[in-house]
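Single-structure report; data block below.
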Amino acid sequence: MLEAPRKASSNEVPILNLSAWLDGGSPTQLITELKNACMKTGFFYVSGHGVPQHVIDDIFDATRRYFDLPHDVRMNDLIDERFRRGFMPYGINQHAGFKPDLKESYEFGVDLPLDDPDVQAGRPLHGPNRWPEHAPWLQAAAETYLKHTIRLGKDLLRLFALALDQDEDFFLQWSQKPMAQSRLFHYPKQDVVDEKELGVAPHTDYGMVTILTQDPIGGLEVCKRDGEWISAPFVPNTFVINLGDMFRVWTNDLFVSTPHRVVNRTGKERYSIPTFFNLDYDTPVTCLPNCQSDDNPPRHKPIKSGDYLLKRFREVQKYKG
């Protein structure tokens, strides 16, 4: 039995209010708060983010309706490896040392037509979305949600650049065709929590930044640098933001990607919806000059954004489309 952790304090997973900055105010205080969160846990909430509440309500309604459909109907939407769009059933994701994750998902991303040059060239993770005929209400809610979270992702990239003493558009230069993907997650009831069988086993996210909205049930748990697990509960009118592994490369471990897990301890079904905002496929991710010195040389080899993401996906997913 896995013991429930304590609730995170406001210093450990703070709430950053973006509204004044998005309205044209100074980012100075916000940047200080952001840097502190990124160096301590790599997790924080954002309020005043500009995403209308009805957009969030609509995507949760659509998510619940979709996962209420019979399983054999949803299997008609089975995800393919090339585009990574569609339904992912239980048992596909498995992290080393753990049983398969107790979750299922529906995945969609930046919609590219088949005649797009990158799609025609066979570039992985680029392609059209798959919208099920038996769920005609899903597409509109999903596309609207993705549009708003991509906009929020680009706003956050501007802040991250400023926090790292770069030009505000430093990361945006590699966001011309971002590999942004949203997932509708459904976690079943779990009456007994097995420490080896969780909603999502401990892991770090692979890319740049994750933008998560979760339902009031909560279940997200974060591992601090000292090894203690804390919960990041539902906070109304916020998104949970966490850093991916690429920030460790950019910043030489100044900004951390933190292990986290999902444990559904409530005896109820849980839903959450992350958008994984990743840079263009060919982005050269390497240590920033101001994050290294003779006494602190780069600790990570340079990586290409898309190749790294694809490698990490294949390490944890059994399914080959």
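Taking the Cα centroid of the stretch 174-224 and of the stretch 1-64, what is the distance between the two, rounded to the nearest whole Å?
15
Return the calculated 222 nm mean residue ellipticity for the chain, to the nearest 500 deg cm²/dmol, obtained by summing -39500 (n - 2.57) across DSSP H runs with n ≥ 4 and dividing by the residue count.
Numbers: 8 runs with 85 residues, N = 321.
Per the formula, -8000 deg cm²/dmol.
Which FRET efficiency value, to the nearest 0.05, do you get for Asp72 and Asp23 by plugging their Cβ-Cβ distance into 1/(1 + (r/R0)^6) with R0 = 45 Å?
With a Förster radius of 45 Å, E is 0.35.
Using only the Cα atoms of the stretch 6-316, what are the Rg and Dmax in Å?
Here Rg and the maximum Cα pair distance are 18.8, 59 Å.
Got a sec? How would Glu3, Glu81, Glu12 order by Cβ neighbour count within 10 Å, fewest to most?
Placing the least packed residue first, the sequence is Glu3, Glu81, Glu12.
Could you bin all the Cα-Cα distances of the stretch 82-130 into 5 Å bins starting at 0 and give me the percent of pairs in each, rounded to whole numbers?
All Cα pairs, binned at 5 Å, distribute as 5, 22, 21, 15, 14, 12, 8, 3, 0 percent.
Loop only per DSSP, at most 15 neighbouring Cβ atoms within 10 Å: give me the chymotrypsin sites (Phe, Trp or Tyr not before Pro) in the stretch 52-105, ordered by residue number.
Sparse-neighbourhood loop chymotrypsin sites (Phe, Trp or Tyr not before Pro): Tyr90.
Which residue, chosen from Val13, Pro70, Leu125, occupies the Cα position most advanced towards the positive end of the dipole of the stretch 3-137, where the dipole is computed from +1 (Lys, Arg) and -1 (Asp, Glu) charges on Cβ about the Cα centre?
Val13
Aspartates and glutamates within cross-link reach of Lys35: Cα-Cα under 20 Å, excluding same-chain residues under 8 positions apart?
Those aspartates and glutamates meeting the cut-off are Glu12, Asp155, Asp165, Asp167, Glu168, Asp169, Asp205, Asp226, Asp245, Asp253.
For the chain, with the dipole built from +1 on Lys and Arg beta-carbon atoms and -1 on Asp and Glu ones, taken about the Cα centre, which of Met179, Ser257, Thr210 lies farthest toward the positive end?
The Cα lying farthest towards the positive end belongs to Ser257.
Apply the Debye scattering formula to the stretch 185-321, with a single equal point scatterer on each alpha-carbon and no solvent, then give log10 I(q)/I(0) at q = 0.14, 0.17, 0.20 Å⁻¹.
Listed by q, the Debye log ratios stand at -0.75, -1.03, -1.26.
Under 20 Å from the Cα of Lys147, which lysines turn up, not counting those fewer than eight places away in the same chain?
Lys177
What is the magnitude of the charge dipole of the stretch 6-316 about its Cα centre, with +1 placed on the Cβ of each Lys and Arg, -1 on the Cβ of each Asp and Glu, and no other charges, expressed in debye to the nearest 20?
Taking the Cα centre of the stretch 6-316 as origin, the dipole is about 540 debye.
Mind pulling up the Rg/Rh value for the stretch 179-232? Radius of gyration and Kirkwood radius, both on Cα.
Rounded to two decimals, Rg over Rh is 0.95.
Suppose every K and R has +1 on its Cβ and every D and E has -1 on its Cβ; what is the size of the dipole of the stretch 256-321 about the Cα centre, in Debye to the nearest 20?
Dipole magnitude for the stretch 256-321 comes out near 600 debye.
For each of Asp165, Asp77, Asp191, count neighbouring Cβ atoms within 10 Å of the residue's Cβ, then give the residues from fewest to most.
Exposure proxy ranking, most exposed first: Asp191, Asp165, Asp77.
Straight-line reach only, C-alpha to C-alpha below 29 angstrom: list the lysines that Lys99 could link to, leaving out same-chain residues fewer than 8 apart.
Lys7, Lys189, Lys196, Lys224, Lys268, Lys311, Lys318, Lys320
So for the stretch 177-321, taking the charge dipole from beta-carbon charges (+1 Lys/Arg, -1 Asp/Glu), which of Gly219, Gln292, Ala232 sits furthest toward the positive end?
Gly219
Can you sort Cys223, Cys38 from fewest to most other Cβ atoms within 10 Å of each residue's own Cβ?
In order of increasing Cβ crowding within 10 Å: Cys223, Cys38.
No lab work stands behind these numbers, since they all come straight from the coordinates. What you are looking at is a predicted structure, and each value in this text was computed from that prediction instead of being measured. With ideal geometry, Cβ positions are generated from the backbone for all residues, glycine too; neighbour counts draw on all protein chains shown.
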